[in-house]
Amino acid sequence: MFRSATTFLSARAMAAQIDLTLFNTVTEGRATILFPKNNEVFYNPVQQFNRDMSIAAIRTWSELYLKEKRDKVEKKKRNKTHVQGESAIEPAEILDSSQAEKDYQPTHVDATTESHAVNVTVKALSASGLRSIRYAKEIPNVRYIMANDLEQDAVDSIKRNVAYNGLSEDLVRPNKGDAMAVMYSHREEGKRFDVVDLDPYGTASPFIDGAVQALSDGGK
Ligand SMILES: C[S@@+](CC[C@H](N)C(=O)[O-])C[C@H]1O[C@@H](n2cnc3c(N)ncnc32)[C@H](O)[C@@H]1O
């Protein structure tokens, strides 16, 4: 709680320090992004349809994913009650059940949504942060988004836009790194992402292996 409050204050303080005369703003979906006036390459309006479709696809997938998790927890609970009623408790079953319930505990609850989730998303190639910020604002139940880019300019832009949009860096986490190194360093169970989003210049094929390995079971 204290950490969130501090993060929120620093985001506001950072937003207040931005010299808005240096930027043009573009509003897309629920995000308003600052683009440096001297740099035209960052915003690609042709990609808006692609971003809209990605949001629709992740929203739909996450509803199914959460329903599956909920059903699994309910099923385990029912099995446990049933087995206990017959006084023949299977230790492994109880262990699984409590683990499933633990997995389903919310670790981030968005104030604007009622349901809970454990969704984690990585944006491996993020540029301005537009896509990550739209995901954070338009996809319910996001726990956090790692917004990664190789270039320091892009990471600075992500930080600036996260603050400008009133989001915390707990929710959208700017990260500087090579996408493959980031994804390979998240391939162990417990570190994996529920969603990996790749948006490179050109083909995504060099990143596919890293993305698949960094994905949690049932992830997208
Ligand atoms: C097409 S742009 C991303 C646009 C962004 N997803 C959006 O919708 O606004 C591609 C980005 O990938 C970054 N990039 C290229 N190679 C990378 C790598 N190996 N690791 C991380 N980022 C990389 C570039 O710096 C660039 O910002």
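The numbers here are math on the coordinates, done by the rules we state, and not lab data. All of these numbers come straight from a predicted model, not from anything done at the bench. Cβ: placed from backbone, ideal geometry, glycine included. Neighbour counts: every protein chain shown.
Can you confirm whether Lys76 is over 30 Å from Asn161 (Cβ atoms), crowded, with 17+ Cβ neighbours inside 10 Å, touching a residue at least 12 places away in the same chain (Cβ under 8 Å) and among the basic types (Lys, Arg)?
yes
In segment 193-207, which residues are of a type in the set (A, V, I, L, M) and away from the ligand (no atom under 13 Å from the Cβ)? Before the answer, list the steps.
Pass one, segment 193-207, residues of a type in the set (A, V, I, L, M): 195-196, 198, 204.
Val195, the sole residue that qualifies.
Regarding segment 127-142, can at least one residue be identified that is more than 18 Å from Gly29 (Cβ to Cβ) and within 16 Å of the ligand (Cβ to nearest atom)? Full working, then the answer.
Applying the first criterion (more than 18 Å from Gly29 (Cβ to Cβ)) to segment 127-142 yields none.
For segment 127-142, residues more than 18 Å from Gly29 (Cβ to Cβ) and within 16 Å of the ligand (Cβ to nearest atom): absent.
Can you give me the number of residues within segment 171-192 that are crowded, with 17+ Cβ neighbours inside 10 Å and more than 16 Å from the ligand (Cβ to nearest atom)?
Going through segment 171-192 one residue at a time, the tally reaches 2.
Tell me which residues, restricted to segment 137-170, are aliphatic (A, V, I, L, M), touching a Pro at 6+ places or on another chain (Cβ under 6 Å) and surrounded by fewer than 22 Cβ atoms within 10 Å (Cβ to Cβ). I'd like the intermediate steps shown before the answer.
Taking segment 137-170 and keeping what is aliphatic (A, V, I, L, M), we get 139, 142, 145-147, 150, 154-155, 158, 162-163, 167.
Applying the additional criterion that residues be touching a Pro at 6+ places or on another chain (Cβ under 6 Å) yields 147, 155, 158.
Residue satisfying the conditions is Val155 alone.
Select from segment 22-61 the residues that are in a loop (DSSP other than H, G, I, E, B) and surrounded by 13 or more Cβ atoms within 10 Å (Cβ to Cβ) and list them in ascending order. Talk me through it step by step, then tell me what you get.
Step one: of segment 22-61, the residues in a loop (DSSP other than H, G, I, E, B) are 29-30, 37-44.
Listed by number, the residues that qualify are Gly29, Asn39, Phe42, Tyr43, Asn44.
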